[in-house]
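Trainee: I have a structure I would like to understand better, so I am pasting it below and will then ask my questions one at a time.
The values are calculated or read from the model by the stated rules, or taken from the named source; none is laboratory data. The shown structure was predicted, so the numbers you read here are calculated from the model rather than taken from an experiment. We place every Cβ from the backbone using ideal geometry, glycine too, and count neighbours over all the protein chains shown.
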Amino acid sequence: MPVATLITGALEEARQRTLDLVAPLSDADVECAHSALMSPLVWDLAHIAAYEDLWLVHRHGREPLLHPEWAAMYDAFETPRAVRGDLPLLDRPAALAYLDDVRDRALRVLDRTGPGEVHEMVLRHEQQHNETMLQAIELARLGRAPGLAAAPRPSGPGVHTGLEAVEVPGGPFVMGAPPGRFAFDNERPRHRVELPAFRIGRTPVTNATFLRFTEGGGYQRREWWSDEGWSWKEDYDITHPGGWAAGPEGWRQWRVDGWAPLHPAEPVVHLSWFEAGAFARAHRARLPSEPEWEKAAAWDQERGVSRPYPWGDRPPAPGDGRANLDHTGLGPHPAGSLPGGASPCGALGMLGDVWEWTASEFAPYPGFAAHPYREYSEVFFARGYRALRGGSWATRARVASATFRNWDLPQRRQVFAGVRLAWDA
Ligand SMILES: [Fe+2]
């Protein structure tokens, strides 16, 4: 099939997902700012349109912007999240019309020019916004499931706790994305990193394991917390992971589609970096550094190569038994339940289910060059953001890889983020 046809199909599939996410919601749900942490959903819709118009029509197609007067309001950097709710945003019908109009223009340009790298970037941009939209829908506690076909959640007792470790031998490995395939600027350049031997959790830490920490006084033991983490926890009266509530029938968890009993075998989610670090200290462990995480996910010691995905060279596909991506179940699967996704060292669930906090500050690789614009990565380097790896159940399969890097501030809990432990060998 011609590449342009494949790209058109992928753009259409991504758009359908965006529309499905908001379809069951009321206009007020879509237009309100539910949290200072998140944009009103209607901002995301018009921002997706503005970004596509900027990159596919204006920069790639060299045509004027459709609505230059809206460019600043829907520019992520010029208009930060906290102020988006105070702006005279388009209403839902106008934002949806803007999406349609821009897409028509973008497809006309694609017919004329053929596809470029920017098409992949714009496609992934929309898919990444789908995940932040799911975060916003969950935080808003609307109690209405997003309009996605959800597979039933796997149940049953888990065999993993998150405290079991696999060994990663010491020595060099190759970190970052290779030339010749799409990657974001912060994944490049590819470079050699020498690491001593270490151990890493076979799976992310489960709810059952984190519950023992919570009920065992983990949030009261000063010695397990950093100074900054303790102040944050005290200031905001944090006593358990985000979305948890204790009730007469046990612990419950607010999920994107409503309350559910806390599932003991699923990875814990909605931890801040501070909580992940305190939990690690309580278990005489630490968070993996970013190079450690990537080596555990990708390095094939026998062949001396880094794999694009923990299991090999093939991208993940929904239902292939390798990774719980593409929100097939509106939440994580039990930790370690997809043995087909094992990395060469035997780590499970490294892509999908939950993002994993690393010890590392988000920073450039040696020789970094911003591409195609500074505001994607460079403006976030060395400003206190912590790197997250792996992707969550809400991440699209096309976005997740062993080299993909995410980042957020250490106090943030809206991300579908959990923790995988590491230990010195
Ligand atoms: Fe964006």
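Trainee: Could you please tell me which pairs satisfy a Cβ distance under 7 Å, a separation of 6+ or placement on different chains, a first residue in the range 384-396 that is at positive phi, and a second residue that is β-branched (Val, Ile, Thr) and part of a loop (DSSP other than H, G, I, E, B)?
Mentor: What qualifies is 391/399.
Trainee: So which residues in the range 177-193 are loosely packed, with under 15 Cβ neighbours inside 10 Å and either in contact (Cβ under 8 Å) with a residue 24 or more places away in the chain or in contact with a helix residue (DSSP H, G or I) (Cβ under 7 Å, 6 or more places away or on another chain) (or both)?
Mentor: Residues of the range 177-193 loosely packed, with under 15 Cβ neighbours inside 10 Å: 179-182, 191-192.
Correct list: 181, 182, 191.
Trainee: Please enumerate the residues belonging to the range 175-233 that are aromatic (Phe, Trp, Tyr) and over 20 Å from the mean Cα position of the chain (by Cα).
Mentor: 198, 210, 213, 219, 224, 225, 230, 232
Trainee: Which count do you get for residues in the range 359-399 that are among the basic types (Lys, Arg) and surrounded by 15 or more Cβ atoms within 10 Å (Cβ to Cβ)?
Mentor: Just the residues of the range 359-399 that are among the basic types (Lys, Arg), to begin with: 374, 383, 386, 389, 396, 398.
Then keep just the ones that are surrounded by 15 or more Cβ atoms within 10 Å (Cβ to Cβ); that gives 386, 389, 396, 398.
Adding up the residues that qualify gives 4.
Trainee: Continuing with the same structure: Of the numbered conditions (1) touching a helix residue (DSSP H, G or I) at 6+ places or on another chain (Cβ under 9 Å); (2) within 19 Å of residue 335 (Cα to Cα); (3) not acidic (Asp, Glu), residue 204 fails exactly one; give the number of that condition.
Mentor: Checking residue 204 against (1) touching a helix residue (DSSP H, G or I) at 6+ places or on another chain (Cβ under 9 Å); (2) within 19 Å of residue 335 (Cα to Cα); (3) not acidic (Asp, Glu), the one that fails is (1).
Trainee: A follow-up question, please. When you go through 36, 46 one by one, which is the residue that is within 24 Å of residue 87 (Cβ to Cβ) and within 14 Å of the ligand (Cβ to nearest atom)? Spell out the reasoning first.
Mentor: On the way: 36 fails: within 14 Å of the ligand (Cβ to nearest atom).
Selected residue: 46, the only one of 36, 46 that is within 24 Å of residue 87 (Cβ to Cβ) and within 14 Å of the ligand (Cβ to nearest atom).
Trainee: For the range 286-308, give me each residue that is surrounded by fewer than 22 Cβ atoms within 10 Å (Cβ to Cβ) and at negative phi.
Mentor: Listed by number, the residues that qualify are 286, 289, 291, 300, 301, 302, 303, 305, 306, 307, 308.
Trainee: Looking at (1) in a loop (DSSP other than H, G, I, E, B); (2) in contact with a helix residue (DSSP H, G or I) (Cβ under 8 Å, 6 or more places away or on another chain); (3) closer than 20 Å to residue 388 by Cβ, which is the only condition residue 371 fails?
Mentor: Single failed check for residue 371: (3).
Trainee: Right, another one. When both residues are 6+ apart or on different chains and their Cβ atoms are under 8 Å apart, which pairs have a first residue that lies in the range 64-79 and is closer than 12 Å to residue 375 by Cα, and a second that is of a type outside the set (Ser, Thr, Tyr) and more than 12 Å from the ligand (Cβ to nearest atom)?
Mentor: Every condition considered, the pairs that remain are 77/379; 78/72.
Trainee: Here's something else I'd like to know. Among the residues of the range 386-409, is there at least one that is over 25 Å from residue 134 (Cα atoms) and touching a Ser or Thr at 6+ places or on another chain (Cβ under 6 Å)?
Mentor: Filtering the range 386-409 down to residues over 25 Å from residue 134 (Cα atoms) leaves none.
No, there is no match, as no residue in the range 386-409 is over 25 Å from residue 134 (Cα atoms) and touching a Ser or Thr at 6+ places or on another chain (Cβ under 6 Å).
Trainee: It is to be established whether one or more residues within the range 322-343 are touching a residue at least 60 places away in the same chain (Cβ under 8 Å) and closer than 21 Å to residue 291 by Cβ. Give the steps one after another, and end with the answer.
Mentor: Our first condition is that a residue be touching a residue at least 60 places away in the same chain (Cβ under 8 Å); within the range 322-343, this holds for 323-337.
Checking the rest, the ones that are also closer than 21 Å to residue 291 by Cβ come to none.
For the range 322-343, residues touching a residue at least 60 places away in the same chain (Cβ under 8 Å) and closer than 21 Å to residue 291 by Cβ: absent.
Trainee: Sort out which residues of the range 56-88 are within 11 Å of the ligand (Cβ to nearest atom), hydrophobic (A, V, I, L, M, F, W, C) and either surrounded by 17 or more Cβ atoms within 10 Å (Cβ to Cβ) or under 20 Å from residue 18 (Cα atoms) (or both), and write them in order of number.
Mentor: 76
Yes/no per residue for (1) without any contact (Cβ under 8 Å) to a residue 24 or more places away in the chain; (2) of a type outside the set (Val, Ile, Thr); (3) surrounded by 14 or more Cβ atoms within 10 Å (Cβ to Cβ); (4) more than 22 Å from residue 336 (Cα to Cα):
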| site | (1), (2), (3), (4) |
| --- | --- |
| 218 | no, yes, yes, yes |
| 224 | no, yes, yes, yes |
| 229 | no, yes, yes, yes |
| 232 | no, yes, yes, yes |
| 235 | yes, yes, no, yes |
| 238 | no, no, yes, yes |
| 250 | yes, yes, no, yes |
| 253 | no, yes, yes, no |
| 266 | no, yes, yes, no |
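Trainee: Right, here's the next one. Please find, among 281, 286, the residue that is within 15 Å of residue 209 (Cβ to Cβ) and in contact (Cβ under 8 Å) with a residue 12 or more places away in the chain. Spell out the reasoning first.
Mentor: Details: 286 fails: within 15 Å of residue 209 (Cβ to Cβ).
Answer to the check: 281.
Trainee: What about residue 59, is it more than 22 Å from residue 114 (Cβ to Cβ) and among the basic types (Lys, Arg)?
Mentor: Considered against the rule, which asks whether it is more than 22 Å from residue 114 (Cβ to Cβ) and among the basic types (Lys, Arg), residue 59 comes out as no.
Trainee: Just name the residue that is farthest from the ligand (Cβ to nearest atom) out of those in the range 101-149 that are of a type in the set (S, T, N, Q) and closer than 24 Å to residue 372 by Cα.
Mentor: To start, the set of residues in the range 101-149 that are of a type in the set (S, T, N, Q) comprises 113, 127-128, 130, 132, 135.
The next check asks that each one be closer than 24 Å to residue 372 by Cα; those that pass are 113, 127-128, 130, 132.
On the way: 113: 23, 127: 11, 128: 7, 130: 11, 132: 8 Å.
So the residue we want is 113.
Trainee: Another question, then. Tell me which of these residue 278 doesn't satisfy, since it passes every other one: (1) crowded, with 22+ Cβ neighbours inside 10 Å; (2) in a loop (DSSP other than H, G, I, E, B); (3) not aromatic (Phe, Trp, Tyr).
Mentor: Against the list (1) crowded, with 22+ Cβ neighbours inside 10 Å; (2) in a loop (DSSP other than H, G, I, E, B); (3) not aromatic (Phe, Trp, Tyr), residue 278 comes up short only on (2).
Trainee: Can you find, within the range 150-163, the residue that is nearest to the ligand (Cβ to nearest atom) among those that are more than 22 Å from residue 415 (Cβ to Cβ), modelled with pLDDT under 95 and not β-branched (Val, Ile, Thr)?
Mentor: Looking at the filtered set, the residue picked out is 151.
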